[in-house]
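The values are calculated or read from the model by the stated rules, or taken from the named source; none is laboratory data. Note that this is a predicted model, so its numbers are computed, not measured. Methodologically, a virtual Cβ is constructed for each residue, glycine included, from the backbone with ideal geometry; neighbour enumeration extends over all protein chains shown. To get the accessible areas, we keep the full protein, side chains included, count just its heavy atoms, and leave off ligands, DNA and RNA. Shrake-Rupley method; radii C 1.70, N 1.55, O 1.52, S 1.80 Å.
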Amino acid sequence: VRTAAIVPAAGRGERLGSGLPKALRLLAGRPLLVHAVQALVAARHVDLVVVAAPPGETSAVRDLLLPYGTDSELQVIGGGMTRQDSVRRALAVLPPDVDVVLVHDAARPLAPSELVDAVAQSVRDGRAAVVPGVPVADTIKQVDDTERVQATLARSALRAVQTPQGFRREVLERAHAAAGAEIHTDDAGLAERLGVSVYVVPGSDEAFKVTRPLDLALAETVLSRRREGG
Ligand code: C5P
């Protein structure tokens, strides 16, 4: 079984407020994207990584990633206007022998290689679509457009899902083809729309998404704990 990992990394990252594309923000001296790619390349089950870079930054990103994988392990393409577009463009360049595809956000730089392998293994074992998820700590309320609460969801049945999300290639291709211009925030959502059963496997506290400036501080702390062997 050949497994490829797609990394949508073409977002502008305005919420971090730096002017730089988020994937290129530095964490312990290296861009978020580099951390994410290193974890994927280090995973046992990943044979190929395809990065969708910010449009206009493709060759800079290629240079940046040169030390982290050979040409056959690592490919950089131009991303699209939306995350979904970026994933679709990456899907289009996968070699024909790839049959399992992971999609992993550059914005989750510290997702452990063990998590990557667990997701890939679950797809290899027969699941069509797999997402890592963790229980939610906050109570989640659904509101209308005036912020009036409509419902309080039962927390025990909720999971906050992360990436990498894993798919049989054919399922992910079909999901993206069927979605058209309709926007979903994750790839599993596209598969659900087709009626595909999506399963949650245990996620990792370290696979959090870097969205706000505080997340960068947390990521620095995780890295220094790793360096100390904690
Ligand atoms: O903005 P958000 O944090 O949801 O982005 C999730 C991931 O999708 C990020 O890694 C971002 O770089 C990527 N993305 C992309 N192409 C876009 C927009 C976002 O690859 N046009």
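Using a/c under 1.5 as the rounded threshold, could you call the range 25-77 rounded, prolate or oblate? The axes a ≥ b ≥ c are square roots of the C-alpha gyration tensor eigenvalues, and prolate needs a/b larger than b/c, oblate otherwise. Oblate, since a/c reaches 1.5 and b/c is not below a/b. Please list, short to long, the whole-number percent of alpha-carbon pairs of the range 100-218 in consecutive 5 angstrom bins beginning at zero. Going out from 0 Å in 5 Å bins, the range 100-218 shows 2, 11, 18, 19, 20, 16, 10, 3, 1, 0 percent.
Does the range 128-198 come out rounded, prolate or oblate by the C-alpha gyration tensor, with a ≥ b ≥ c the root eigenvalues, rounded set by a/c under 1.5 and, if not, prolate when a/b is larger than b/c and oblate if not?
Working: a/c = 2.95, a/b = 1.61, b/c = 1.83.
Oblate.
Rg then Dmax, both in Å and based on the Cα atoms of the chain: 17.3, 53. Between Ala28, Ala111, Ala90, the residue with the greatest mean-square fluctuation in the GNM of the chain (Cα pairs under 10 Å linked by springs) is Ala28. When the chain is treated as a GNM with alpha-carbon contacts under 10 Å, the residue of Ser204, Ser72, Ser113 showing the greatest mean-square fluctuation is Ser72. Peptides 215-221, 180-186, 48-54 ranked from most to least packed, by the mean per-residue count of other Cβ atoms within 10 Å: 48-54, 215-221, 180-186.
Taking the DSSP beta bridges in the chain as the whole, what percent of them are antiparallel, to the nearest 5? The partial results should precede the final answer.
Details: 14 of 34 bridges.
Antiparallel: roughly 40 percent of the beta bridges in the chain.
Counting only protein heavy atoms and a 1.4 Å probe, the chain has 49 square angstrom of accessible area per residue. Protein heavy-atom surface of the range 111-230, 1.4 angstrom probe: 51% of the accessible area is carbon and sulfur, with nucleic acids and ligands not counted. For Arg127, the solvent-accessible surface with a 1.4 Å probe is about 100 Å², rounded to the nearest 10. GNM on the chain, alpha-carbon springs under 10 angstrom: the most fluctuating residue among Pro95, Pro55, Pro132 is Pro95. Other residues lying with their Cβ under 13 Å from the Cβ of Ser72 contribute a combined charge of -3, Lys and Arg counting +1, Asp and Glu -1. Within the range 1-135, the proportion of C-alpha pairs whose separation exceeds 22 Å stands at 32%.
In this structure, the amide hydrogen of Gln75, modeled 1.01 Å from its nitrogen in the peptide plane, lies closer than 5 angstrom to those of Val49, Val50, Val51, counting only residues at least 5 positions away or on a different chain. Would you please classify the overall shape of the range 76-146 from the alpha carbon gyration tensor, given that a ≥ b ≥ c denote the square roots of the eigenvalues, rounded means a/c under 1.5, and beyond that prolate means a/b larger than b/c while oblate covers the rest? In terms of gyration-tensor shape, oblate.
Hey, any idea what the orientation-averaged projected area of the convex hull of the range 162-230's Cα atoms comes to, in nm²?
On the way: hull surface 25.2 nm².
It is 6.3 nm².
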